[in-house]
Amino acid sequence: MRAAIFRNGEIVVDSLPELKPGAGQVLVKTLACGICGSDLHARKHAHRMADMAKLVGRKPMDLSRDVVFGHEFCCEIVDHGPATQGKFKPGTRVCSIPALLTPEGPQGIGYSNDNIGAYAEQMLLSEALLLEVPNGLSPQHAALTEPLAVGVHAVEKANIRGNEVPLVIGCGPVGLAVIAALKINGLYPIVAADYSPARRAMAEKLGADVVVDPARSQPFASWAEHAAMSEAEKAARPPLQAMLPPLKPALIFECVGVPGIIQQLFEGAPRDARIVVVGVCMESDRSEPMLGIMKELNVQYVLGYTPDEFATSLRLIAEGEVDAAAMVTATVGIDGVAQAFADLANPETHTKIIVEPWR
Ligand SMILES: [Zn+2]
(Lines give C-alpha, C1' and ligand atoms only; values in the text may rest on other atoms or scores of the structure.)
Protein backbone atom coordinates (compact mmCIF):
# COMPACT_ATOMS: atom_id res chain seq x y z
CA MET A 1 0.00 0.00 0.00
CA ARG A 2 1.03 3.59 -0.59
CA ALA A 3 1.85 6.01 2.21
CA ALA A 4 3.39 9.42 2.85
CA ILE A 5 6.29 8.50 5.10
CA PHE A 6 8.47 10.56 7.44
CA ARG A 7 11.93 9.31 6.46
CA ASN A 8 15.28 11.01 7.13
CA GLY A 9 13.55 14.25 8.13
CA GLU A 10 11.44 14.52 4.97
CA ILE A 11 7.99 13.42 3.82
CA VAL A 12 8.33 10.93 0.95
CA VAL A 13 5.85 8.70 -0.87
CA ASP A 14 6.62 4.99 -0.97
CA SER A 15 5.01 1.56 -0.71
CA LEU A 16 4.75 -0.29 2.58
CA PRO A 17 3.91 -3.97 3.21
CA GLU A 18 0.22 -4.83 3.54
CA LEU A 19 -1.08 -4.91 7.12
CA LYS A 20 -2.62 -7.84 8.93
CA PRO A 21 -4.92 -7.22 11.90
CA GLY A 22 -3.82 -8.82 15.17
CA ALA A 23 -5.98 -9.93 18.08
CA GLY A 24 -8.71 -7.38 18.84
CA GLN A 25 -7.76 -5.31 15.80
CA VAL A 26 -9.50 -4.31 12.59
CA LEU A 27 -7.95 -3.45 9.25
CA VAL A 28 -9.39 -0.18 7.93
CA LYS A 29 -9.19 1.83 4.75
CA THR A 30 -8.20 5.42 5.53
CA LEU A 31 -10.78 7.79 4.06
CA ALA A 32 -9.61 11.14 5.43
CA CYS A 33 -6.97 12.48 7.80
CA GLY A 34 -6.25 16.02 8.92
CA ILE A 35 -2.72 17.37 8.91
CA CYS A 36 -2.03 18.56 12.44
CA GLY A 37 0.29 21.31 13.61
CA SER A 38 1.90 18.63 15.77
CA ASP A 39 2.89 16.77 12.60
CA LEU A 40 4.62 19.90 11.30
CA HIS A 41 6.34 20.29 14.68
CA ALA A 42 7.29 16.61 14.70
CA ARG A 43 8.95 16.88 11.33
CA LYS A 44 10.93 19.96 12.36
CA HIS A 45 11.75 18.95 15.94
CA ALA A 46 11.70 15.14 15.68
CA HIS A 47 14.87 14.62 17.74
CA ARG A 48 13.62 16.86 20.51
CA MET A 49 10.27 15.08 20.53
CA ALA A 50 12.09 11.74 20.89
CA ASP A 51 14.24 13.12 23.74
CA MET A 52 11.20 14.43 25.63
CA ALA A 53 9.34 11.12 25.14
CA LYS A 54 12.27 9.38 26.88
CA LEU A 55 12.09 11.85 29.78
CA VAL A 56 8.44 11.02 30.47
CA GLY A 57 8.99 7.30 30.04
CA ARG A 58 7.30 6.89 26.65
CA LYS A 59 8.75 4.83 23.85
CA PRO A 60 10.46 7.38 21.56
CA MET A 61 10.34 7.28 17.77
CA ASP A 62 13.46 5.72 16.24
CA LEU A 63 14.25 8.36 13.63
CA SER A 64 16.47 6.02 11.64
CA ARG A 65 13.30 4.06 10.81
CA ASP A 66 10.12 5.04 8.95
CA VAL A 67 7.23 6.77 10.70
CA VAL A 68 3.81 7.37 9.15
CA PHE A 69 2.10 10.38 10.73
CA GLY A 70 -1.65 10.97 10.83
CA HIS A 71 -3.78 10.90 13.99
CA GLU A 72 -6.94 12.83 12.93
CA PHE A 73 -8.73 10.24 10.86
CA CYS A 74 -11.95 8.70 9.63
CA CYS A 75 -11.79 5.19 8.19
CA GLU A 76 -13.88 2.37 6.75
CA ILE A 77 -13.82 -1.17 8.11
CA VAL A 78 -12.20 -3.68 5.74
CA ASP A 79 -11.47 -6.79 7.82
CA HIS A 80 -11.52 -8.12 11.37
CA GLY A 81 -8.61 -9.81 13.11
CA PRO A 82 -8.88 -12.72 15.56
CA ALA A 83 -10.64 -12.22 18.91
CA THR A 84 -12.92 -9.45 17.58
CA GLN A 85 -16.69 -9.15 17.99
CA GLY A 86 -17.43 -8.01 14.44
CA LYS A 87 -19.44 -5.18 15.93
CA PHE A 88 -19.22 -3.07 12.75
CA LYS A 89 -19.62 -4.62 9.31
CA PRO A 90 -17.06 -4.03 6.54
CA GLY A 91 -17.84 -0.70 4.90
CA THR A 92 -18.88 0.97 8.17
CA ARG A 93 -17.28 4.38 8.69
CA VAL A 94 -15.53 4.78 12.00
CA CYS A 95 -13.38 7.14 14.05
CA SER A 96 -11.07 6.24 16.91
CA ILE A 97 -8.77 7.95 19.32
CA PRO A 98 -5.28 7.49 17.85
CA ALA A 99 -4.27 4.60 20.08
CA LEU A 100 -3.87 0.88 19.68
CA LEU A 101 -4.52 -1.50 22.56
CA THR A 102 -1.70 -4.02 22.71
CA PRO A 103 -0.75 -6.73 25.21
CA GLU A 104 1.95 -4.27 26.45
CA GLY A 105 -0.67 -1.55 27.05
CA PRO A 106 -2.02 1.31 24.91
CA GLN A 107 0.33 2.69 22.24
CA GLY A 108 0.00 5.85 20.18
CA ILE A 109 -0.78 5.83 16.48
CA GLY A 110 0.97 8.36 14.25
CA TYR A 111 4.21 9.07 16.12
CA SER A 112 5.36 5.50 16.23
CA ASN A 113 7.59 3.21 14.19
CA ASP A 114 5.22 0.32 14.81
CA ASN A 115 1.73 1.79 14.51
CA ILE A 116 1.12 3.32 11.12
CA GLY A 117 -0.79 6.60 11.04
CA ALA A 118 -3.43 7.71 8.56
CA TYR A 119 -1.22 9.19 5.83
CA ALA A 120 -1.45 5.68 4.41
CA GLU A 121 -4.08 3.82 2.41
CA GLN A 122 -4.76 1.41 5.26
CA MET A 123 -4.11 1.16 8.98
CA LEU A 124 -4.91 -0.97 12.02
CA LEU A 125 -7.26 0.09 14.81
CA SER A 126 -8.46 -1.52 18.02
CA GLU A 127 -12.05 -2.67 17.72
CA ALA A 128 -12.79 -1.70 21.33
CA LEU A 129 -12.01 1.97 20.61
CA LEU A 130 -14.12 2.37 17.46
CA LEU A 131 -16.95 4.87 17.20
CA GLU A 132 -19.36 4.63 14.30
CA VAL A 133 -19.67 7.86 12.32
CA PRO A 134 -23.30 8.98 12.69
CA ASN A 135 -25.73 10.93 10.52
CA GLY A 136 -24.01 10.21 7.20
CA LEU A 137 -21.33 12.69 8.22
CA SER A 138 -18.65 12.98 5.52
CA PRO A 139 -15.25 11.42 6.31
CA GLN A 140 -13.58 14.82 5.89
CA HIS A 141 -15.71 16.31 8.63
CA ALA A 142 -15.60 13.24 10.86
CA ALA A 143 -11.79 13.54 10.72
CA LEU A 144 -12.14 16.87 12.55
CA THR A 145 -13.28 15.03 15.68
CA GLU A 146 -9.71 14.74 16.96
CA PRO A 147 -8.73 18.41 16.68
CA LEU A 148 -12.09 19.50 18.14
CA ALA A 149 -11.55 17.12 21.06
CA VAL A 150 -8.33 18.99 21.87
CA GLY A 151 -10.38 22.15 22.39
CA VAL A 152 -13.14 20.36 24.30
CA HIS A 153 -10.52 18.91 26.66
CA ALA A 154 -8.71 22.24 27.15
CA VAL A 155 -11.98 23.92 28.14
CA GLU A 156 -12.87 21.00 30.40
CA LYS A 157 -9.49 21.34 32.16
CA ALA A 158 -10.15 25.05 32.69
CA ASN A 159 -12.70 24.22 35.44
CA ILE A 160 -15.07 26.93 34.31
CA ARG A 161 -17.23 28.57 36.96
CA GLY A 162 -19.31 30.52 34.48
CA ASN A 163 -18.38 34.13 35.21
CA GLU A 164 -15.03 34.20 33.39
CA VAL A 165 -14.32 36.17 30.25
CA PRO A 166 -12.10 34.06 27.99
CA LEU A 167 -9.24 35.35 25.87
CA VAL A 168 -7.95 32.98 23.17
CA ILE A 169 -4.45 33.79 21.93
CA GLY A 170 -3.91 32.31 18.46
CA CYS A 171 -6.69 31.21 16.08
CA GLY A 172 -5.10 28.28 14.26
CA PRO A 173 -6.87 24.90 14.45
CA VAL A 174 -6.20 24.61 18.20
CA GLY A 175 -7.50 28.09 19.02
CA LEU A 176 -10.54 27.54 16.80
CA ALA A 177 -11.35 24.28 18.58
CA VAL A 178 -11.07 26.07 21.93
CA ILE A 179 -13.39 28.84 20.71
CA ALA A 180 -15.96 26.26 19.54
CA ALA A 181 -15.80 24.49 22.91
CA LEU A 182 -16.13 27.77 24.85
CA LYS A 183 -19.21 28.61 22.79
CA ILE A 184 -20.77 25.23 23.65
CA ASN A 185 -20.08 26.00 27.33
CA GLY A 186 -21.94 29.29 27.02
CA LEU A 187 -19.14 31.67 28.00
CA TYR A 188 -19.67 35.23 26.76
CA PRO A 189 -18.06 37.27 25.34
CA ILE A 190 -15.29 35.16 23.80
CA VAL A 191 -12.36 37.40 22.90
CA ALA A 192 -9.84 35.99 20.39
CA ALA A 193 -6.60 37.39 18.99
CA ASP A 194 -4.60 36.54 15.87
CA TYR A 195 -2.44 38.54 13.45
CA SER A 196 -4.02 36.83 10.43
CA PRO A 197 -7.23 38.38 9.03
CA ALA A 198 -8.25 34.99 7.58
CA ARG A 199 -7.91 33.34 10.97
CA ARG A 200 -9.80 36.13 12.73
CA ALA A 201 -12.65 35.65 10.24
CA MET A 202 -12.62 31.93 10.93
CA ALA A 203 -12.63 32.61 14.70
CA GLU A 204 -15.82 34.63 14.27
CA LYS A 205 -17.39 31.77 12.30
CA LEU A 206 -16.64 29.35 15.14
CA GLY A 207 -18.07 31.59 17.83
CA ALA A 208 -15.66 34.38 18.84
CA ASP A 209 -17.63 37.48 19.86
CA VAL A 210 -14.71 39.91 19.72
CA VAL A 211 -11.66 39.46 17.48
CA VAL A 212 -8.46 41.41 18.02
CA ASP A 213 -5.57 42.14 15.67
CA PRO A 214 -2.56 42.31 18.03
CA ALA A 215 -0.78 44.53 15.49
CA ARG A 216 -3.44 47.20 16.11
CA SER A 217 -4.53 46.77 19.70
CA GLN A 218 -3.17 45.01 22.74
CA PRO A 219 -5.22 41.81 23.32
CA PHE A 220 -5.37 42.32 27.10
CA ALA A 221 -6.60 45.90 26.66
CA SER A 222 -9.37 44.68 24.34
CA TRP A 223 -10.14 41.88 26.76
CA ALA A 224 -10.44 44.37 29.67
CA GLU A 225 -12.92 46.47 27.69
CA HIS A 226 -15.19 43.43 27.53
CA ALA A 227 -14.56 42.10 31.03
CA ALA A 228 -15.96 44.91 33.14
CA MET A 229 -17.85 43.79 36.25
CA SER A 230 -21.51 44.70 36.64
CA GLU A 231 -22.41 47.20 39.38
CA ALA A 232 -23.73 44.30 41.49
CA GLU A 233 -20.48 42.36 41.09
CA LYS A 234 -18.49 45.43 42.02
CA ALA A 235 -20.56 46.04 45.14
CA ALA A 236 -20.22 42.41 46.25
CA ARG A 237 -16.44 42.54 46.48
CA PRO A 238 -14.74 42.46 49.89
CA PRO A 239 -12.83 45.64 50.82
CA LEU A 240 -9.32 44.62 49.76
CA GLN A 241 -10.48 43.21 46.43
CA ALA A 242 -12.51 46.37 45.84
CA MET A 243 -9.22 48.20 45.41
CA LEU A 244 -8.34 46.10 42.32
CA PRO A 245 -9.59 46.93 38.80
CA PRO A 246 -13.27 45.88 38.52
CA LEU A 247 -12.77 43.07 36.02
CA LYS A 248 -14.33 39.63 35.73
CA PRO A 249 -11.98 36.63 36.09
CA ALA A 250 -9.65 36.13 33.13
CA LEU A 251 -9.44 32.74 31.47
CA ILE A 252 -6.63 32.77 28.94
CA PHE A 253 -5.97 30.05 26.38
CA GLU A 254 -2.46 29.98 24.90
CA CYS A 255 -2.92 28.44 21.43
CA VAL A 256 0.27 29.54 19.68
CA GLY A 257 3.09 27.37 21.04
CA VAL A 258 6.21 29.41 20.30
CA PRO A 259 8.94 30.57 22.68
CA GLY A 260 8.18 33.89 24.38
CA ILE A 261 4.38 33.56 24.47
CA ILE A 262 4.15 32.44 28.10
CA GLN A 263 6.27 35.41 29.19
CA GLN A 264 4.01 37.76 27.16
CA LEU A 265 1.00 36.29 28.93
CA PHE A 266 2.68 36.66 32.32
CA GLU A 267 3.28 40.32 31.50
CA GLY A 268 -0.19 41.06 30.14
CA ALA A 269 -2.44 38.87 32.28
CA PRO A 270 -4.42 40.48 35.09
CA ARG A 271 -4.02 39.30 38.66
CA ASP A 272 -5.45 35.84 39.45
CA ALA A 273 -5.79 34.92 35.77
CA ARG A 274 -6.01 31.28 34.83
CA ILE A 275 -3.85 30.36 31.82
CA VAL A 276 -4.48 27.13 29.93
CA VAL A 277 -1.52 26.20 27.73
CA VAL A 278 -2.84 24.30 24.71
CA GLY A 279 -0.22 25.41 22.15
CA VAL A 280 2.67 22.98 21.86
CA CYS A 281 6.00 24.78 22.16
CA MET A 282 8.76 22.34 21.21
CA GLU A 283 11.68 24.51 22.25
CA SER A 284 13.13 25.67 25.55
CA ASP A 285 11.47 28.85 26.73
CA ARG A 286 12.01 31.53 29.36
CA SER A 287 9.51 33.22 31.64
CA GLU A 288 9.83 35.27 34.84
CA PRO A 289 8.41 33.28 37.74
CA MET A 290 8.15 36.47 39.84
CA LEU A 291 5.44 37.78 37.50
CA GLY A 292 3.42 34.64 38.02
CA ILE A 293 4.03 34.82 41.75
CA MET A 294 3.10 38.47 42.15
CA LYS A 295 -0.08 38.04 40.13
CA GLU A 296 -0.85 34.58 41.55
CA LEU A 297 -1.34 33.22 38.06
CA ASN A 298 -2.65 29.72 37.64
CA VAL A 299 -1.06 27.83 34.72
CA GLN A 300 -2.62 24.60 33.48
CA TYR A 301 -0.87 22.62 30.72
CA VAL A 302 -3.07 20.24 28.72
CA LEU A 303 -2.64 17.45 26.19
CA GLY A 304 -5.07 15.33 24.21
CA TYR A 305 -8.51 14.35 25.51
CA THR A 306 -10.37 11.53 27.19
CA PRO A 307 -12.32 8.91 25.18
CA ASP A 308 -15.54 10.57 26.43
CA GLU A 309 -14.44 14.01 25.22
CA PHE A 310 -13.55 12.43 21.86
CA ALA A 311 -17.01 10.84 21.56
CA THR A 312 -18.65 14.14 22.54
CA SER A 313 -16.68 15.93 19.82
CA LEU A 314 -17.84 13.52 17.11
CA ARG A 315 -21.42 14.05 18.24
CA LEU A 316 -21.05 17.87 18.26
CA ILE A 317 -19.86 17.79 14.65
CA ALA A 318 -22.43 15.23 13.50
CA GLU A 319 -25.31 17.19 15.05
CA GLY A 320 -24.11 20.43 13.51
CA GLU A 321 -23.46 22.10 16.87
CA VAL A 322 -19.94 22.92 15.76
CA ASP A 323 -19.31 24.09 12.22
CA ALA A 324 -16.03 22.18 12.03
CA ALA A 325 -16.27 22.06 8.24
CA ALA A 326 -15.45 25.77 8.20
CA MET A 327 -11.88 24.86 9.17
CA VAL A 328 -11.13 22.77 6.06
CA THR A 329 -9.28 24.82 3.47
CA ALA A 330 -7.99 22.10 1.11
CA THR A 331 -7.80 18.38 0.44
CA VAL A 332 -4.82 16.50 -1.03
CA GLY A 333 -3.87 12.94 -1.92
CA ILE A 334 -0.83 11.08 -0.59
CA ASP A 335 1.36 12.73 -3.22
CA GLY A 336 0.29 16.16 -1.96
CA VAL A 337 1.26 15.71 1.70
CA ALA A 338 4.80 17.10 1.44
CA GLN A 339 3.58 20.23 -0.35
CA ALA A 340 0.70 20.59 2.12
CA PHE A 341 3.23 20.67 4.98
CA ALA A 342 4.91 23.60 3.24
CA ASP A 343 1.62 25.33 2.43
CA LEU A 344 0.40 25.20 6.03
CA ALA A 345 3.13 27.68 6.93
CA ASN A 346 0.92 30.44 5.48
CA PRO A 347 -1.98 31.18 7.87
CA GLU A 348 -3.69 33.34 5.24
CA THR A 349 -4.20 30.40 2.90
CA HIS A 350 -4.74 27.39 5.12
CA THR A 351 -6.19 26.23 8.40
CA LYS A 352 -6.80 22.50 8.03
CA ILE A 353 -5.69 20.42 5.05
CA ILE A 354 -7.26 16.98 4.78
CA VAL A 355 -5.39 14.05 3.26
CA GLU A 356 -7.53 11.62 1.29
CA PRO A 357 -5.17 8.69 0.64
CA TRP A 358 -7.36 7.18 -2.10
CA ARG A 359 -7.70 10.37 -4.11
ZN1 LIG B 1 -3.58 16.75 16.24
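Looking only at segment 314-326, filter to residues that are under 14 Å from P139 (Cα atoms) and not small (G, A, S); which one of those is surrounded by the fewest Cβ atoms within 10 Å (Cβ to Cβ)? So that I can check it myself, show each step before the final result.
Narrowing segment 314-326 to residues under 14 Å from P139 (Cα atoms): 314-315, 317-318, 324-325.
Those still in the list that are not small (G, A, S) too: 314-315, 317.
Values: L314: 25, R315: 15, I317: 25.
Within segment 314-326, the match that is surrounded by the fewest Cβ atoms within 10 Å (Cβ to Cβ) is R315.
Across segment 1-25, which residue is surrounded by the most Cβ atoms within 10 Å (Cβ to Cβ) among those that are within 25 Å of the chain's Cα centre (by Cα) and of a type in the set (V, I, T)? Give the derivation first.
Residues of segment 1-25 that are within 25 Å of the chain's Cα centre (by Cα), as a first pass: 3-7, 9-12.
Still in the list and also of a type in the set (V, I, T): 5, 11-12.
Working: I5: 23, I11: 20, V12: 13.
The selected residue is I5.
Okay, residues lined up against (1) within 15 Å of the ligand (Cβ to nearest atom); (2) of a type in the set (A, V, I, L, M); (3) surrounded by fewer than 21 Cβ atoms within 10 Å (Cβ to Cβ); (4) outside any loop (DSSP other than H, G, I, E, B):
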position: L27; (1), (2), (3), (4): no, yes, yes, yes
position: L31; (1), (2), (3), (4): no, yes, no, yes
position: A42; (1), (2), (3), (4): yes, yes, no, yes
position: R48; (1), (2), (3), (4): no, no, yes, yes
position: L63; (1), (2), (3), (4): no, yes, yes, no
position: I77; (1), (2), (3), (4): no, yes, no, yes
position: T84; (1), (2), (3), (4): no, no, yes, no
position: G91; (1), (2), (3), (4): no, no, yes, no
position: G117; (1), (2), (3), (4): yes, no, no, no
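For segment 148-168, enumerate the residues that are crowded, with 24+ Cβ neighbours inside 10 Å and either free of Cβ contacts under 8 Å to residues at least 24 places away in the same chain or more than 21 Å from W223 (Cα to Cα) (or both). Before the answer, list the steps.
If we filter segment 148-168 for residues that are crowded, with 24+ Cβ neighbours inside 10 Å, which is where we start, we get 148-155, 158, 166-168.
Once the filter is applied, which keeps residues that are crowded, with 24+ Cβ neighbours inside 10 Å and either free of Cβ contacts under 8 Å to residues at least 24 places away in the same chain or more than 21 Å from W223 (Cα to Cα) (or both), segment 148-168 yields L148, A149, V150, V152, H153.
When both residues are 6+ apart or on different chains and their Cβ atoms are under 7 Å apart, which pairs have a first residue that lies in segment 15-29 and is among the hydroxyl-bearing types (S, T, Y), and a second that is assigned to a loop (DSSP other than H, G, I, E, B)?
S15/M1
Could you tell me whether G292 is over 19 Å from the mean Cα position of the chain (by Cα), in the same structural domain as K29 (by TED's automatic domain parsing) and either of a type in the set (A, V, I, L, M) or modelled with pLDDT of 95 or more (or both)?
no
The values are calculated or read from the model by the stated rules, or taken from the named source; none is laboratory data. Predicted, not measured: the structure shown is a model, and the values here were computed from it. Using ideal geometry, Cβ is built from the backbone for each residue, glycine included, and neighbour counts are taken over all protein chains shown.
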